[in-house]
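K.L.:
This is the structure I have questions about; it appears just below.
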Amino acid sequence: MDRNKEQTITPGLYLISTPIGNMEDITFRALSVLKKSNVILCEDTRRSGKLLSYFQIKNKLLSYHKFNDKKISSTIIDSIKKNQIVSLISDAGTPAISDPGLILVNRCINENLSVHPIPGPSAVTSAVSVSGFSDQYLFYGFLTKKENELDKVLKNLCNLNYSIVFFIPASKINFYISKFKNYFFDRKILIAKEMTKMHEDFIREKVVSIKVLAKNLKGEFTVIVSEKNKEKGIQQKISESVKIEIKKMLKKYSHKDVVEFIAKKEDLPKKIVYNFCLKLKKWI
């Protein structure tokens, strides 16, 4: 087989992974398909325009996002049926993974049109690879902002013994961390910032002890909570002296305040302290 022979690019939809930061992470195949595309769909034409300009690609860009995906999907389907090559890129990483594209992909599948992945950069696998956590992981993506729904989601997820990957806006990171402390208190956490960029940074901590981050942070973080902690050294039982202290405190302070204070002071999971307080209240 002639390795120098270019791969034939046939009409269809191509989902092309683009850099999550460093421009040099793009693949040769991605550039080849982009150059031969009749139309390149993207979330933000200004942002994608910079990427294409960097690689001197001048093909037609068309805005495609969650607010117009249903509207223009039919036009795209017609273009593919007319033997055109259509590429879909997101602002960063792999399209249709917590990004627009699912509707269009399903439309193509239902119309028996070709859909091709062009693999490359991924925030998910990049973060997992350097986390040190189990490679048996679940990708969740973006969490809901509604507190009641969020509690239901996290209650289900905390019972699963896998590493779990989230995408979290920097502006909401402290809100979600406070929730993680209630549901993933016995796990570790990795917060990946600016991956592959000049100011790349990884925050590694125990969920229970991670501190509030700066409020002026921007962008999007890839956050992983580890599988359940199996270390023997972690205290999981309340000593008799602490039980006596809790009994005294409950006579003066609220249930919530006692749980917060004792859990922090004794480095105990809040759930264990909370359950003990509930039992005491039944006895008192």
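The values are calculated or read from the model by the stated rules, or taken from the named source; none is laboratory data. Source: prediction; values computed, not measured. Every residue, glycine among them, receives a Cβ derived from its backbone with ideal geometry; neighbour counts consider all protein chains shown.
K.L.:
With respect to L52, determine if the residue is modelled with pLDDT of 95 or more and either more than 11 Å from S87 (Cα to Cα) or surrounded by fewer than 16 Cβ atoms within 10 Å (Cβ to Cβ) (or both). Spell out how you get there, then give the answer.
P.N.:
Working: modelled with pLDDT of 95 or more: yes; either more than 11 Å from S87 (Cα to Cα) or surrounded by fewer than 16 Cβ atoms within 10 Å (Cβ to Cβ) (or both): yes.
Against the criterion (modelled with pLDDT of 95 or more and either more than 11 Å from S87 (Cα to Cα) or surrounded by fewer than 16 Cβ atoms within 10 Å (Cβ to Cβ) (or both)), L52 qualifies.
K.L.:
Sticking with this one: Give the residues of the stretch 155-189 that are of a type in the set (S, T, Y) and surrounded by fewer than 20 Cβ atoms within 10 Å (Cβ to Cβ), sorted by residue number.
P.N.:
Y162, S171, Y176, S178
K.L.:
Take F184 and tell me if it is over 12 Å from the mean Cα position of the chain (by Cα) and touching a residue at least 12 places away in the same chain (Cβ under 8 Å).
P.N.:
Yes.
Every residue, every condition in (1) surrounded by 15 or more Cβ atoms within 10 Å (Cβ to Cβ); (2) part of a helix (DSSP H, G or I); (3) at pLDDT 85 or above; (4) more than 32 Å from the chain's Cα centre (by Cα), yes or no:
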{"site": "I238", "(1), (2), (3), (4)": "yes, no, yes, yes"}
{"site": "K252", "(1), (2), (3), (4)": "no, no, yes, yes"}
{"site": "D257", "(1), (2), (3), (4)": "no, yes, yes, yes"}
{"site": "F261", "(1), (2), (3), (4)": "yes, yes, yes, no"}
{"site": "K264", "(1), (2), (3), (4)": "no, yes, no, no"}
{"site": "F276", "(1), (2), (3), (4)": "yes, yes, yes, yes"}
{"site": "K281", "(1), (2), (3), (4)": "no, yes, no, yes"}
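K.L.:
Tally up the residues in the stretch 33-61 that are within 18 Å of L15 (Cβ to Cβ), part of a helix (DSSP H, G or I) and not hydroxyl-bearing (S, T, Y), please.
P.N.:
Of the residues in the stretch 33-61, 7 are within 18 Å of L15 (Cβ to Cβ), part of a helix (DSSP H, G or I) and not hydroxyl-bearing (S, T, Y).
K.L.:
Within the stretch 172-191, is even one residue assigned to a strand (DSSP E or B), of a type outside the set (S, T, Y), farther than 30 Å from L268 by Cβ and modelled with pLDDT of 95 or more?
P.N.:
Looking for residues that are assigned to a strand (DSSP E or B), of a type outside the set (S, T, Y), farther than 30 Å from L268 by Cβ and modelled with pLDDT of 95 or more, one finds none in the stretch 172-191, hence no.
K.L.:
For residues in the stretch 205-231 being touching a residue at least 40 places away in the same chain (Cβ under 8 Å) and not in a loop (DSSP other than H, G, I, E, B), which is farthest from K271 (Cα to Cα)? Spell out the reasoning first.
P.N.:
Keep residues of the stretch 205-231 that are touching a residue at least 40 places away in the same chain (Cβ under 8 Å), which gives 208, 213, 215, 217-229.
This time we only want the ones that are not in a loop (DSSP other than H, G, I, E, B), so: 208, 220-225.
Working: V208: 12, E220: 30, F221: 27, T222: 26, V223: 23, I224: 21, V225: 18 Å.
Residue satisfying both the conditions and the ranking: E220.
K.L.:
What's the number of the only condition in (1) closer than 19 Å to H116 by Cα; (2) without any contact (Cβ under 8 Å) to a residue 24 or more places away in the chain that T27 fails to meet?
P.N.:
(2)
K.L.:
Restricting to the stretch 196-218, name every residue that is loosely packed, with under 12 Cβ neighbours inside 10 Å and either touching a Gly at 6+ places or on another chain (Cβ under 7 Å) or closer than 26 Å to E24 by Cβ (or both).
P.N.:
Those that are loosely packed, with under 12 Cβ neighbours inside 10 Å and either touching a Gly at 6+ places or on another chain (Cβ under 7 Å) or closer than 26 Å to E24 by Cβ (or both): M198, H199, D201, K218.
K.L.:
Further question: Looking only at the stretch 123-142, count how many residues are touching a strand residue (DSSP E or B) at 6+ places or on another chain (Cβ under 6 Å) and either in the same structural domain as L31 (by TED's automatic domain parsing) or aliphatic (A, V, I, L, M) (or both).
P.N.:
So the count comes out to 5.
K.L.:
Scan the stretch 8-24 for residues that are in contact with a Lys or Arg (Cβ under 7 Å, 6 or more places away or on another chain) and either closer than 18 Å to L113 by Cα or part of a strand (DSSP E or B) (or both) and report the count.
P.N.:
1
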